[in-house]
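Here, each number is a calculation from the coordinates, and none is a lab measurement. Please read these numbers as outputs of a predicted model, since none were measured by experiment. Positions of Cβ are backbone-derived with ideal geometry, glycine not excepted, and every protein chain shown enters the neighbour counts.
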């Protein structure tokens with residue numbers, strides 16, 4: 001067996017080029033010659049040694065071994081060889097290097113061998129003894145075709161990478177926008193008690209400025225107003241502390257839950273009660289009977305539930321009911337109990353595990369349900385059945401991403417004509433006080 005890569009020495013102009021200034025050498029094509037006769041192999045080596053990097057093999061196994069360790073652009077194969085035939089070698093080479101071009105050589109041309117070679121996508125077929133001009137032309141065209149295909153594939157890969165990058169960027173922008181809405185709500189929540197505090201401080205200042213001495217009723221007045229100011233100040237502190245704790249939990253760091261799910265549901269209700277998609281729908285949020293924390297970023301929980309609720313609001317233009325409720329599961333979850341069916345879809349159950357406690361949050365609607373042929377597509381980026389004004393097709397895709405990032409799980413159950421329920425399972429944890 002002969003494995004002899006052949007590379008020519010420096011070209012005639014190599015000595016005159018300035019070291020350090022020469023451009024990076026352009027890759028020469030690699031030509032594999034497979035023939036069990038020494039004569040044809042050496043003849044082809046002499047013809048092409050100055051044009052391409054050559055690999056020489058005297059049988060099929062040697063050719064396959066070379067293909068596994070080298071980039072090959074074009075192979076010239078003899079059809080009749082001892083051991084593996086050229087057709088068998090071509091089939092194996094195409095398995096190892098699917099994009100490789102091939103030229104077949106034979107002294108015994110038959111319709112059957114031509115058909116087999118074409119089936120394996122050989123680009124040319126020459127008879128022995130071959131004409132040098134025909135051989136040069138066939139190899140040149142094969143190399144040109146290989147380079148063109150390589151450029152097309154490279155361009156297609158770059159376009160696909162760019163599309164993925166743009167898609168991820170847009171999704172990240174949507175996530176950032178939703179988080180911005182949540183933080184705007186936080187500022188709104190703080191602004192309310194601050195306004196009350198400011199008003200009562202002004203009243204107290206006016207009372208003090210007018211009074212030359214403090215009477216009993218003045219002291220009662222001041223005491224009552226100071227109690228209100230204290231309560232409102234405490235509200236501001238609690239709101240700011242709640243979200244500072246959330247922000248301190250950076251990606252990759254363990255979550256220390258200081259904010260209960262019920263507080264997150266209350267903040268979510270503030271957002272949804274003024275959401276334009278609510279319209280005339282009947283909407284309610286029911287708190288958990290027992291409060292608990294979750295090992296997921298709080299704003300992500302709000303965003304997941306907000307996207308699911310908005311999706312429920314927009315499921316139909318007719319007024320319908322949307323409700324959010326939850327429960328704490330203190331026993332390990334049996335995922336096998338959730339049967340797979342055309343009406344059901346499960347996400348990320350393999351990462352949330354069976355451990356307890358789990359927090360189960362449900363977003364139910366009495367809309368038209370999801371058509372069963374649409375259900376498998378609902379988490380795809382940019383997929384939407386709504387008009388361009390109503391949605392971007394990113395809401396449920398963002399839910400899917402946040403579910404995976406939070407090691408949570410999601411179960412979708414829909415019944416056409418009756419409605420849809422999205423159930424989110426979040427890893428729970430006792431609150432850190």
Evaluate the distance, in nm, between pseudo-label points positioned 7 Å from the Cα of residue 37 and of residue 68 along their respective Cα→Cβ axes.
2.9 nm
On a full-extension model of 0.36 nm per residue, what is the gain between residue 431 and residue 280, subtracting their alpha-carbon distance, rounded to one decimal in nm?
50.7 nm
Label-point gap, in nm, between residue 418 and residue 131 - each point 7 angstrom along Cα→Cβ
7.7 nm
Modelled label reach - residue 45, point 7 Å along Cα→Cβ, the range 68-102 residues with backbone N closer than 16 Å:
76
By count of other Cβ within 10 Å, fewest leading, how are 95, 52 ordered?
95, 52
Counting alpha carbon pairs within less than 8 Å and at least 6 residues apart, what relative contact order, in whole percent, applies to the range 261-429?
28 percent
With 0.36 nm assigned to each residue of separation and the Cα-Cα distance removed, residue 374 to residue 205 gains 54.4 nm
Exposure proxy ranking, count of Cβ atoms within 10 Å, fewest first, for 341, 198:
341, 198
In which sequence would 414, 233, 299 go, from the one with the fewest C-beta neighbours within 10 Å to the one with the most?
233, 299, 414
Need the full-extension length gain, residue 148 to residue 166, defined as separation in residues times 0.36 nm minus the C-alpha distance. One decimal, nm.
3.8 nm
